[in-house]
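Asker: Before I ask anything, here is the structure I am working with.
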Amino acid sequence: MAEIRFEKVCKFFGSNKVIENLDLTIQDGKFTVLVGASGCGKTTLLRMIAGIGPATSGHVYMDDKDITDMDPGKRDIAMVFQNYAIYPTMTVKENIEFGLKNRKVPKAERERLISEYAAVVGLTEYLDRKPGTLSGGQRQRIALARAMVKKPKVFLMDEPLSNLDAKLRVAMRTELIEMHNRLKTTFIYVTHDQVEAMAMADQIVLMNKGQIMQEASPEVIYRDPNNVFTAQFIGTPPMNVLDYTECQVGFRPEKVHISRESHDAAFARTGKVLTREMLGSETQYKVLLDGVETPIMVKTADDSYVFEDNVVLSVEEEDLYFFNNEGARIRKGDVADFDKYIRIAGGKNNA
């Protein structure tokens with residue numbers, strides 16, 4: 001296991017600034033997910049750790065040892081790519097064994113490791129098969145087993161599930177969580193999928209344009225976002241955010257009470273149903289509030305409303321979030337008159 005630390009790291013591609021003065025500590029033994037849209041810098045950080053895309057300036061440490069300019073082969077890491085990077089002409093066993101042979105691991109030890117980790121990823125009965133005869137999920141397991149036999153201090157995973165269909169992606173997600181629980185090794189996983197990040201991570205690092213927007217556990221990053229970007233990136237559907245003169249007011253779709261009658265709450269507005277999506281145990285509505293251009297998303301167990309129904313949406317005070325006009329969170333204690341924002345949300349003070 002290993003702790004990874006970035007200190008004042010910058011990365012430029014020509015004149016294009018991808019990351020600037022970034023500080024980040026990835027905890028030993030944790031499943032850390034770097035998440036963000038394409039181009040946010042998450043894969044760039046992964047490549048710095050691997051040694052295949054060095055920092056322009058700054059330092060990268062593994063267990064307090066500076067690895068910024070260390071040869072990739074000496075870093076005691078294993079990387080799993082989204083395209084698997086397995087050899088089609090080799091059997092499953094030969095693919096898993098390839099790196100061990102290069103490191104001149106004795107045959108008896110190679111056999112033991114292959115047997116152990118093929119069992120861990122469920123490939124024992126396929127060891128003599130060629131990758132082309134296997135499913136996408138099984139090919140991904142080959143890449144995982146090949147990484148695992150190295151017993152690295154750190155696993156790096158660059159969107160390893162993105163080429164799988166939705167059902168298999170969910171199954172492999174669970175398998176990766178179970179593997180991490182067994183191995184107790186540092187996992188660093190890159191994805192653009194916030195659902196994947198929330199499901200898998202001990203710690204989420206949310207990035208945007210080369211900056212860390214928030215670093216926290218899934219529970220904290222969902223329930224206590226530091227800014228509008230985090231609030232709207234994490235969560236499905238994303239948080240509703242309304243613009244007022246003095247602030248922005250946010251609330252989660254599942255915290256909205258929908259009714260045909262008025263309801264006493266800190267936030268209460270009338271509107272009309274635009275769309276209805278029945279999702280089994282939940283129904284999602286898009287509602288256009290009177291006098292507001294941005295539709296509101298509602299997620300509820302109540303499936304009784306239909307297109308163009310007149311409704312009342314209400315949100316309790318404890319479920320409201322407030323942000324300043326630059327998008328930064330306003331919490332109780334940050335300002336002298338926090339109740340002013342409650343009044344604004346309720347339409348009682350929009351001066």
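The values are calculated or read from the model by the stated rules, or taken from the named source; none is laboratory data. The structure presented is a predicted model; accordingly, all values stated were derived computationally and were not measured. Cβ coordinates were reconstructed from backbone atoms using ideal geometry, including for glycine residues, and neighbour counts include every protein chain displayed.
Asker: Would you kindly identify the strands (runs of 3 or more DSSP E) lying entirely within region 1-95 that contain at least 1 residues that are farther than 30 Å from S115 by Cβ?
Answerer: Values: elements: 4-13, 16-26, 31-35, 57-62, 77-80.
So the answer is 4-13, 16-26, 31-35, 57-62.
Asker: Go through region 122-145 residue by residue and tally those that are surrounded by 20 or more Cβ atoms within 10 Å (Cβ to Cβ) and assigned to a loop (DSSP other than H, G, I, E, B).
Answerer: Residues meeting the conditions: 1.
Asker: Among the residues of region 252-264, are any under 30 Å from K17 (Cβ atoms), modelled with pLDDT under 95 and of a type outside the set (S, T, N, Q)?
Answerer: The answer is no; no qualifying residue exists.
Asker: A further question follows. For Y117, indicate whether it is loosely packed, with under 15 Cβ neighbours inside 10 Å and among the aromatic types (F, W, Y). Steps first, please.
Answerer: Details: loosely packed, with under 15 Cβ neighbours inside 10 Å: no; among the aromatic types (F, W, Y): yes.
No, not satisfied.
Asker: Another question about this same structure. Under the condition of being among the small types (G, A, S), touching a strand residue (DSSP E or B) at 6+ places or on another chain (Cβ under 8 Å) and in a loop (DSSP other than H, G, I, E, B), which residue from region 257-290 is surrounded by the fewest Cβ atoms within 10 Å (Cβ to Cβ)?
Answerer: The qualifying residue surrounded by the fewest Cβ atoms within 10 Å (Cβ to Cβ) is S262.
Asker: Right, something else. I177: outside any loop (DSSP other than H, G, I, E, B), surrounded by fewer than 19 Cβ atoms within 10 Å (Cβ to Cβ) and in the same structural domain as A85 (by TED's automatic domain parsing), yes or no? So that I can check it myself, show each step before the final result.
Answerer: On the way: outside any loop (DSSP other than H, G, I, E, B): yes; surrounded by fewer than 19 Cβ atoms within 10 Å (Cβ to Cβ): yes; in the same structural domain as A85 (by TED's automatic domain parsing): yes.
So I177 passes the test.
Asker: Looking at region 44-85, which of the residues that are of a type in the set (S, T, Y) and under 25 Å from K184 (Cβ atoms) is surrounded by the most Cβ atoms within 10 Å (Cβ to Cβ)?
Answerer: Let us first name the residues in region 44-85 that are of a type in the set (S, T, Y), namely 44, 56-57, 61, 68, 84.
Add one more test, that the residue is under 25 Å from K184 (Cβ atoms), and what stays is 61, 84.
Numbers: Y61: 16, Y84: 20.
Only one residue fits best here, namely Y84.
Asker: In addition: Report whether or not Y61 is under 18 Å from E175 (Cα atoms), of a type in the set (S, T, Y) and either modelled with pLDDT of 90 or more or in the same structural domain as K167 (by TED's automatic domain parsing) (or both).
Answerer: no
Conditions tested, residue by residue: (1) touching a Ser or Thr at 6+ places or on another chain (Cβ under 7 Å); (2) under 16 Å from P237 (Cα atoms).
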residue: T275; (1), (2): no, yes
residue: S281; (1), (2): no, yes
residue: Q284; (1), (2): no, yes
residue: V292; (1), (2): no, no
residue: I296; (1), (2): no, yes
residue: A301; (1), (2): yes, yes
residue: D309; (1), (2): no, no
residue: L313; (1), (2): no, no
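Asker: Among the residues of region 213-269, which ones are basic (K, R) and over 16 Å from Y285 (Cα atoms)? Please lay out each step first, then the result.
Answerer: Initial filter on region 213-269 (basic (K, R)): 223, 252, 255, 260, 269.
Once the filter is applied, which keeps residues that are basic (K, R) and over 16 Å from Y285 (Cα atoms), region 213-269 yields only R223.
Asker: Continuing with this model, one more query. Give me the pairs: first residue in region 324-342 and under 14 Å from T230 (Cβ atoms), second residue among the aliphatic types (A, V, I, L, M) and assigned to a helix (DSSP H, G or I), beta-carbon distance under 7 Å, and six or more apart or on different chains, which are they?
Answerer: Taking only residues 6 or more apart or on different chains, the pairs are G327/V228.
Asker: Picking from E219, E246, E254, E196, which residue would you name as being more than 21 Å from F323 (Cα to Cα), outside any strand (DSSP E or B) and either without any contact (Cβ under 8 Å) to a residue 12 or more places away in the chain or not hydroxyl-bearing (S, T, Y) (or both)?
Answerer: The conditions single out E196.
Asker: Can I ask one more? Name the residue, out of V306, V273, that is on the phi < 0 side of the Ramachandran plot, more than 33 Å from the chain's Cα centre (by Cα) and at pLDDT 95 or above.
Answerer: Result: V306 is the single residue among V306, V273 that is on the phi < 0 side of the Ramachandran plot, more than 33 Å from the chain's Cα centre (by Cα) and at pLDDT 95 or above.
Asker: Which residues, counting only those in region 309-347, are modelled with pLDDT under 95 and loosely packed, with under 11 Cβ neighbours inside 10 Å?
Answerer: K332, G333, A336, D337, listed by residue number.
Asker: Right, something else. Is it true that L279 is assigned by TED's automatic domain parsing to the domain that holds G327 and either under 15 Å from the mean Cα position of the chain (by Cα) or without any contact (Cβ under 8 Å) to a residue 12 or more places away in the chain (or both)?
Answerer: yes
Asker: Let me ask something additional. Which members of region 180-195 meet the condition of being farther than 28 Å from K65 by Cα and either of a type outside the set (A, V, I, L, M, F, W, C) or buried (at least 19 other Cβ atoms within 10 Å of the Cβ) (or both)?
Answerer: H192, D193, Q194
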